[in-house]
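Input: a single structure, listed below in structure tokens.
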Amino acid sequence: MARRFVVEADGGSRGNPGPAGYGAAVLDPETGETLAEAAEYIGTATNNVAEYKGLIAGLRAARALDPEAEVEVRMDSKLVIEQMSGRWKVKHPGMRPLAAEARGIFPPAQVSYEWIPRERNKHADRLANEAMDAGKRGEQWRPAADEALEAPAVPAEAAAPAVAPPGWAAPADLGAPATFVLLRHGETALTPEKRFSGTGGSDPELSPVGRRQAELVAAALAARGTIQAVVSSPLRRCVGTAEAVAARLGLDVHIEEGLRETDFGAWEGLTFAEVRERHPGDLQAWLASSKAAPTGGGESFATVARRVALTRDQLVARYAGRTVLLVTHVTPIKTLVRLALGAPPEALFRMEISAASLSALAYYADGNASLRLLNDTTHLR
């Protein structure tokens, strides 16, 4: 007998359109036990888009548990329920791709839809609001269990002060910020071929082109004379780049595990086209959700974001008021920029970070961050 799941989903927008998020829960229909939860801040969107995104996330979470299961979807959105049941047409062009995506997750015969009043959809509604609240703070939503495990217990009087509204300049009494100059490593043999190259791969060294790039960026940073410390990912392409710069500056290289690249699992060493051919379903899920991991036990972007955020906080405390070079990879750099801007997870796919490029972020004592530079490659010309 096929397993049965209940998916409760919801989405909301504070402004319609405005800052939006969704929430979804997969429940055991017999016991009411929560089997899985999903929530995400999606940036500026309408209520309807957020509701469809919640439906898609809930169905994907159910499919991850059992692709053969029978699923009953319960939502308080009359529009989504009627459209997905086939009783109403999907007239809005922006909704059609979302409805099609939702229909493609399970065979239609395995899914039924039921409208419920809002007071019966409190679980998913709470998750959607948690996601929107997290987005407002520039964070990603995390399950409560994760937060309890990761957050150290601190007395109330030791809690961090509320973050002040960002402005053109920091108040004078905040002092100098911790400034991170973000350097992507130089090229490896895999870089020009645009192959996935993360923590779980072959750990390639710099190519001759990459070594030349490292020397050029070292000369540029030495001329500026502002770097006070060099911190590097443990992977060889970053260490090689960091050592070239540190030697020119007369500094040591400090290794920081949290700056390593994403583990791309079974995709390591493959091109995007090869992954699309061999693992089309997993790739589609990865592109659609920051919580989806690459095939074969890789890291999701949400997992990387938690690691990078923790590392950021530790480095900001360690190097308060100083300018530090962080030699790292595409995903950690994009993640630091995204978090500083309070941008949604999909912003990762909208940034270009070239080999041996420089970006810069400043972190102030009141918790605000300022993006000062992004993907500068003028030193390579």
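A quick yes/no check of all residues on (1) in the same structural domain as Val239 (by TED's automatic domain parsing); (2) surrounded by fewer than 18 Cβ atoms within 10 Å (Cβ to Cβ); (3) touching a Leu at 6+ places or on another chain (Cβ under 6 Å):
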{"site": "Thr179", "(1), (2), (3)": "yes, no, no"}
{"site": "Ala189", "(1), (2), (3)": "yes, yes, no"}
{"site": "Ser197", "(1), (2), (3)": "yes, no, yes"}
{"site": "Gly200", "(1), (2), (3)": "yes, no, no"}
{"site": "Leu206", "(1), (2), (3)": "yes, no, no"}
{"site": "Glu215", "(1), (2), (3)": "yes, yes, no"}
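Here are some residues: Leu336, Leu348. Which one is closer than 23 Å to Ile227 by Cα and either assigned by TED's automatic domain parsing to the domain that holds Val231 or among the hydroxyl-bearing types (Ser, Thr, Tyr) (or both)?
Working: Leu348 fails: closer than 23 Å to Ile227 by Cα.
Exactly one of Leu336, Leu348 is closer than 23 Å to Ile227 by Cα and either assigned by TED's automatic domain parsing to the domain that holds Val231 or among the hydroxyl-bearing types (Ser, Thr, Tyr) (or both), namely Leu336.
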TODO: Pairs only if they're at least six apart or on different chains, beta carbon under 8 angstrom, first in segment 265-279 and polar (S, T, N, Q), second surrounded by fewer than 13 Cβ atoms within 10 Å (Cβ to Cβ); list them, first residue then second.
DONE: Thr271/Glu193; Thr271/Lys194
Open item on the list: Just the residues that are surrounded by fewer than 17 Cβ atoms within 10 Å (Cβ to Cβ) and modelled with pLDDT of 95 or more, please, taken from segment 53-71.
Closed with: none
Task: Check on Glu8, closer than 24 Å to Gln83 by Cβ, buried (at least 24 other Cβ atoms within 10 Å of the Cβ), touching a Phe, Trp or Tyr at 6+ places or on another chain (Cβ under 7 Å) and among the acidic types (Asp, Glu) - done: no
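For segment 14-21, state whether one or more residues are crowded, with 22+ Cβ neighbours inside 10 Å and modelled with pLDDT of 90 or more. Steps first, answer last, please.
Residues of segment 14-21 crowded, with 22+ Cβ neighbours inside 10 Å: 20-21.
This time we only want the ones that are modelled with pLDDT of 90 or more, so: 20-21.
Yes, because at least one residue in segment 14-21 is crowded, with 22+ Cβ neighbours inside 10 Å and modelled with pLDDT of 90 or more.
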Open item on the list: Based on this model, can you work out whether Leu79 counts as more than 24 Å from Pro280 (Cα to Cα) and in a strand (DSSP E or B)?
Closed with: no
Open item on the list: Restricting to segment 192-211, give me the number of residues that are over 25 Å from the mean Cα position of the chain (by Cα) and of a type in the set (Gly, Ala, Ser).
Closed with: 2
TODO: Within segment 233-274, work out how many residues are touching a strand residue (DSSP E or B) at 6+ places or on another chain (Cβ under 7 Å), closer than 14 Å to Leu221 by Cβ and among the small types (Gly, Ala, Ser).
DONE: 2
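From Arg312, Arg307, Arg372, Arg350, grab the single residue that is of a type in the set (Lys, Arg), surrounded by 20 or more Cβ atoms within 10 Å (Cβ to Cβ) and at pLDDT 90 or above.
Numbers: Arg307 fails: surrounded by 20 or more Cβ atoms within 10 Å (Cβ to Cβ); Arg372 fails: surrounded by 20 or more Cβ atoms within 10 Å (Cβ to Cβ); Arg350 fails: surrounded by 20 or more Cβ atoms within 10 Å (Cβ to Cβ).
Answer to the check: Arg312.
So which of Pro97, Pro143 is surrounded by fewer than 18 Cβ atoms within 10 Å (Cβ to Cβ), over 18 Å from Leu27 (Cα atoms) and not charged (D, E, K, R)?
Working: Pro143 fails: over 18 Å from Leu27 (Cα atoms).
None of the other options fit; the residue is Pro97.
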- [ ] Examine segment 349-363 for a residue that is touching a residue at least 60 places away in the same chain (Cβ under 8 Å), of a type in the set (Phe, Trp, Tyr) and in a helix (DSSP H, G or I), and state whether such a residue exists.
- [x] yes
Open item on the list: Please go through (1) over 20 Å from Glu40 (Cβ atoms); (2) modelled with pLDDT of 95 or more for Met75 and return the number of the only condition it doesn't satisfy.
Closed with: (1)
Task: Answer residue from segment 81-109, given it is within 27 Å of the chain's Cα centre (by Cα) and without any contact (Cβ under 8 Å) to a residue 40 or more places away in the chain and is farthest from Lys291 (Cα to Cα) among those - done: Arg96
Task: Residue check, Tyr364 at pLDDT below 90, assigned by TED's automatic domain parsing to the domain that holds Gly201 and among the aromatic types (Phe, Trp, Tyr) - done: yes
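Can you tell me which residue within segment 44-76, out of those that are part of a strand (DSSP E or B) and in contact (Cβ under 8 Å) with a residue 40 or more places away in the chain, is farthest from Ala2 (Cα to Cα)?
My answer is Met75.
The values are calculated or read from the model by the stated rules, or taken from the named source; none is laboratory data. These numbers were taken from a predicted model, which means no experiment stands behind them. Positions of Cβ are generated from backbone atoms using ideal geometry, with glycine treated the same way; all protein chains shown enter the neighbour counts.
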